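Coordinate-derived values only; no laboratory data. Because the structure is predicted, anything quoted here is derived from the model rather than measured. Cβ atoms come from the backbone with ideal geometry, glycine included; neighbour counts cover every protein chain shown.
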Amino acid sequence: MSLAPEAQVDPASLPDRTAARGGRHRVLAATGLVMIVAVLTGAVLLETQYQPLRLVGVLQDARPGSLYHRSQVDMSGPATIEYFYCSVPNARFAAMIVITNTGPLPVTILGGVPGPGAVTPVTNVNGFSLIDLATYDPMGTGDPQAAPVLPATTLGQGEMVEAWARFQIGAMGLSPGASMGLAGLFIRYAVLELERTTLVPLDETIAIEGCP
């Protein structure tokens, strides 16, 4: 029995496995780069644009001796309530606010900050600014100025926390009939361990005015 001669194979006709492996590596590297870019983009968006907080409801500090003066409905736009406190130079006052997490991610409230143009007792201005956030007494009988600072509080989607927002009035009082208000508060919070401070609008206005 005779054997057939061995088939001769042209090496040039064989697939280039080295090139194939190189191509797969390039695809994997490109995929990894896209994923890294996506993660970095998401982090930037969380850092700069993600703002799930809403400040709903204001309860005035109407204890005897407080600076609370009156409230009114502002009809110049969508109807909102304005709460007015007397503009007593160098004095402090507080209003209860409700902070709600409207987004899908857990948010940790780290506190309130004065923001730009902060007012201090020695500031020779007639404005006012936020000092910090304090723990709210559900009974509403405690002095908000003596309340402890609000600890870091984590809110899930739809959860809320009540807090005293404490304010400082400058060294100059407003003349009777004059008023000025805040339409938002600077809140410090963290999402996925990324911290940021942002101006969160108030559903209702907190204001000071010159009292007779």
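Observations, loosely collected:
- Gyration tensor (Cα) of the range 133-212, equivalent ellipsoid semi-axes in angstrom: 28, 17, 12
- Simple spin-label estimate for Asp74 and Met172 in nanometres, 7 Å along Cα-Cβ: 2.2 nm
- Efficiency of FRET from Cβ geometry, Arg92 and Thr198, R₀ 25 Å, rounded to 0.05: 0.55
- Entry note: the range 52-209 has Rg to Rh equal to 0.96, where both radii use alpha-carbon atoms and Rh is the Kirkwood radius.
- The charge dipole of the range 52-209, taken about the Cα centre with unit charges on the Cβ atoms of Lys, Arg (+1) and Asp, Glu (-1), comes to about 220 debye, rounded to the nearest 20.
- Inter-probe distance in nm under a simple model that places probes 7 Å from Cα toward Cβ, at Val56 and Thr102: 0.9 nm
- Positive minus negative residues near Asp203 (Lys, Arg vs Asp, Glu; Cβ under 15 Å): -3
- Inter-probe distance in nm under a simple model that places probes 7 Å from Cα toward Cβ, at Met160 and Ser179: 2.3 nm
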